[in-house]
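Single-structure report; data block below.
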Amino acid sequence: MAGTSELRTARLSGKSARRIVHERLRQQILELQLPPGAALSEAEIATAFGVSRTPVRESLLLLAEEGLVDIYPQRGSFVGPIHLSDVVTAQFIREALECTSLEQSAPSIGPGDIADLRELLAQQRAADASGDVAGFFGLDEAFHRRLLEAGNHAAAWPIVSQAKAQMDRARRMSLPSGGKMADLIAQHTRVVDAVENGDPSGAVNALRTHLRVVLSDIERMNQEKPDLFSAD
């Protein structure tokens, strides 16, 4: 959990206690620091953050609305399982927004955009070489966000990010698999190569193929760790 010093720093930036607690708990859930099934004690979280139980309770309710937390009266709150139906919906939303953006913008993506994407690819290779899973995940996010920005659709990223919360937990689990990060880098590279070579159709097809890989990954993870998933 975050310490009181982190809370003070965040409050100086104008964030409310509820927002700070919500953002931190959400991050810990998505990064699997709090895995599916983990108990969430309002009292312990409030003590860790140095706040009252009210913002904690409000944060848990927000996380429950996102499907990340299950709240049971008289029993307590727990990190929820990964809902397969939400993963499929998130993948649909992500593919629709990112592929449409690239289809519309690929011909106008300039050298500066390509240079930024190439730099992110280089950083991803460095993260892969050092086994930095958390760093790679952040760079993967940065790559997709930058691709939307290159297409003048930066405002779509918060929608994508919000929709794919369930998906991100499963993706986190699959990244440490041997060669997984290298495979994703190769897929990213095919997208950038096609854009730079003036092949919008090839770029969109490469991106669509890349985004759909998560479905087979999650199917495999569901078979390996069924207790972490829910078909509801």
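Data for the structure
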quantity	calculated
Calculated from backbone phi, Karplus (6.51, -1.76, 1.60) coupling profile of region 216-221 in Hz, x at Gly/Pro	6, 4, 6, 4, 5, 5
Calculated diffusion of region 104-232, Stokes-Einstein form, Kirkwood radius summed over Cα pairs, 4 °C and 1.567 mPa s, µm²/s	84
R57/A155 FRET efficiency (R0 45 Å; Cβ-Cβ; nearest 0.05)	0.90
Gyration tensor verdict on region 19-60 (Cα atoms; rounded if a/c is under 1.5, prolate if a/b is larger than b/c, oblate otherwise)	prolate
Calculated FRET value between D193 and E65, using beta carbons and R₀ = 35 Å, to 0.05	0.30
Pairwise label distance in nanometres, I114 with S201, each label 7 Å out on the Cα-Cβ vector	2.0
Cross-link partners of K164 among lysines (Cα-Cα below 22 Å; sequence separation of 8 or more within a chain)	K180, K225
Amide H within-cut-off set for V69, under 5 Å, with H built and near neighbours excluded	A64, G80
Cα-only radius of gyration and Dmax that characterise the chain, units Å	19.1, 60
Within the accessible area of the chain (1.4 Å probe), percent carbon and sulfur	52
Other-chain or far-sequence residues with amide H under 5 Å of L40's (modelled H)	S77, F78, V79
Accessible area (Å², per residue) of region 87-232, counting only protein heavy atoms and a probe of 1.4 Å	45
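The values are calculated or read from the model by the stated rules, or taken from the named source; none is laboratory data. Model, not experiment: these values are computed from the prediction. Ideal geometry is used to build each Cβ from the backbone, glycine not excepted, and the neighbour counts take in all protein chains shown. Note: accessible area is taken over every heavy atom of the protein model, side chains too, but ligands, DNA and RNA are not part of it. Shrake-Rupley method; radii C 1.70, N 1.55, O 1.52, S 1.80 Å.
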